[in-house]
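The next block holds one structure in the form of structure tokens; read it before the comments.
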Amino acid sequence: MAVENLGEKYLSRAKKLSEVTEIYDVNPLSEALFPGSHCPLFGALLAIKEISGAATLVVGSDECTYYSKSMAMGSPEFGEQAEYCYSLVLDQADISFGCQAKLSEAIREIVESTKFEVIFVVTTCLVELIGDDLDSVCEQLEAELGINLPIVHTEHFKCENHLPGLERVMAACAELMTEPKEQRSADQARRINLLGHRHGDFEQSELAEYLDRAGIEIHLVLPSAATVAEIRAAAEVDLNLVTDAIGLALAKEMEAEFKIPYLYFDRFVTPETITAAYARLEAELFTKQGLSLPSELKDWLENKAAELREQEAKLRPRLEGLSFIYGNTPLVALEYNAYLSELGLHPALIQLSRLNEDDLVYRERILKACDPYVTKNANIAPLQPIYDILKPDFYFGHEFAEKLRKKGIVLMAMDRLGKLYGYQLTSALLEYLSEGLAARDKLLSAKQHLAEAQAAGHPGAKAPGGHPGGHPGGHPGGHPGGHPGGHPGARPGMASPVESKKLSGVRLVKSRKEAE
């Protein structure tokens, strides 16, 4: 009886990039995903915890509400906001007959016990499945209670990962914003909002230096530490600079509501794309204002572009003919793959969680060089036997480094590039690729020495590892920014949730001082 080849079985489920035009065309390699991705509820909590003066009410099953509360209270990053993460637990009657009345009572009790300007009402999969109209409840209570109750829908069955949760919290912030008190005059300092940056240290990036040299003031950064008052005044800017796709929904809302233009400048790595992004930024902040880009700033950018072209020319011959598997990175997935394809480093398989209409131009660029397999990300278990078929030289993203080394594959997690923008990012990428080539040479040499040692009668010889510039253990499929606070269990000194005195299923929390 023939033994089934699992690698061929799993790979047969993956489509080629030429067969895919939207994310619904992309198949998973197996029915169950392992380790799987975070859900949008996780993303929503990450965003709301940064907003001082706002509370969160999570509506859903025991599992979702417990997860939210334990995550908030177990993570030092939540700080004071952990006390304002409330849970509304649905029982069988709520599932059968709806939870609108229960939600109304819960919000009233929270408002009576503590004063908030904003309470984000976060729905979960259970609420979305039963189809309860919680939006109308919140709309009625907003007028009655005089507070904002933005709804954030976090159903996971329509999403591939946690990023829509971040995106929807940001978009919900639009309803908190007010009309500017007065029109900004031409002689005022130009001011922008930064929407979408989620990897910290933006001030260390080339794009931040550009804005500083140009005299551009950053008014608000989302998602980031912000007050409700700062969000309300977010429309008092000249431009929204979107540095991650999760900020596009809010930027479009603000353009429709307040006529504020936006510019999308993500973590692009193709030099021509970066040049075009800077040109659009110049047009918005200078040309349309009747101003000219300072000559020293223009020279600064041109020098960076020239240095990058030299760096490319040196590295390109060393990359030609090598291959990789793309996993989970903070970069723009298909744009990144397109650039590497044009450098001669071709993808054998690309894991995706998003595929938008704007990505189709990158798809065409890749197809000019190769036609890789495409599958859903956060599913590394069935990839293990596929490595023996595709035999890639590199894995970009998160995986188990030791397992890959045994198969002659170099793991390169891209997390350290997530906070960079502009030519700086591409230059750092090329430097990292150079490190990866050195690690590959070391790995191949070690394998050869191992084979020679074993042939000489030393079967116990072991090959040394070699991971380019990162933690050798890797991380399988998780969020590149890390998990806030680690395990969500109890820790010494944390407050404990207590049942509402008035309403079954509402879990409040004493302040940390009271708990102590």
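Read the figures in this text as sums done on the coordinates, not as results from a lab. These figures come from a predicted structure and were not determined experimentally. Quick reminder, even Gly has a Cβ in these numbers, built from the backbone with ideal geometry, and neighbours come from all protein chains shown.
Charges at C-beta only: +1 for Lys and Arg, -1 for Asp and Glu. How large is the resulting dipole of segment 344-435 about its Cα centre, in Debye rounded to 20?
200
For residue 364 and residue 62, what is the calculated FRET efficiency with R₀ set at 41 Å and r taken between the beta-carbons, to the nearest 0.05?
0.30
Does the chain come out rounded, prolate or oblate, given a ≥ b ≥ c as the square roots of the eigenvalues of its C-alpha gyration tensor, rounded meaning a/c under 1.5 and, failing that, prolate meaning a/b above b/c?
oblate
Please go through segment 158-211 and write out the GluC sites (Glu not before Pro) that DSSP classes as loop and that have at most 16 other C-beta atoms within 10 Å.
182
Mind jotting down the distance between the C-alpha centroids of segment 206-220 and segment 37-115, whole Å?
36
Please give me the summed charge of the neighbours of residue 297: other residues whose Cβ is under 14 Å from its Cβ, Lys and Arg +1, Asp and Glu -1.
Summing Lys/Arg as +1 and Asp/Glu as -1 gives -3.
Rounded to the nearest 5, what % of the DSSP beta bridges within the chain are antiparallel ones?
If we restrict to bridges inside the chain, about 15 percent are antiparallel.
Determine the gain in length on full extension of the stretch residue 449-residue 189; use 0.36 nm per residue of separation and subtract their C-alpha separation, reporting nm with one decimal.
87.3 nm
Starting from the 7 Å offset along Cα-to-Cβ, what nm value, one decimal, do you get for the label separation of residue 272 and residue 257?
That separation, rounded to one decimal, is 3.8 nm.
So which trypsin sites (Lys or Arg not before Pro) in segment 122-227 end up in coil per DSSP with only 16 or fewer other C-beta atoms within 10 Å?
Counting only loop positions with at most 16 other Cβ atoms within 10 Å, the trypsin sites (Lys or Arg not before Pro) in segment 122-227 are 181, 184.
Cβ neighbours within 10 Å, averaged per peptide: list 285-292, 362-369, 70-77 in order, most packed at the top.
Top to bottom by mean Cβ count within 10 Å: 70-77, 362-369, 285-292.
Which of 288/419; 368/391; 314/391; 9/376; 9/391; 158/376 have a Cα-Cα distance over 18 Å?
Over 18 Å Cα-Cα: 288/419; 368/391; 314/391.
Stretched out fully, how many nm does the piece from residue 129 to residue 97 gain, at 0.36 nm a residue minus the Cα gap?
Residue separation times 0.36 nm, minus the Cα-Cα distance, leaves 10.2 nm.
Per-residue HN-Hα couplings for segment 91-107, Karplus 6.51 cos²θ - 1.76 cosθ + 1.60 at θ = phi - 60°, whole Hz, x for Gly and Pro?
Running phi through 6.51 cos²θ - 1.76 cosθ + 1.60 with θ = phi - 60° gives 10, 5, 5, 5, 5, 7, 10, x, 10, 4, 5, 5, 5, 4, 5, 5, 5 Hz.
Which Cα, out of 226, 60, 429, lies furthest along the positive dipole direction of the chain (beta carbon charges, K/R +1, D/E -1)?
Farthest along the dipole direction, towards plus: 429.
Grab the other residues whose beta carbon is less than 15 angstrom from that of residue 163, score K and R as +1, D and E as -1, and report the net.
0
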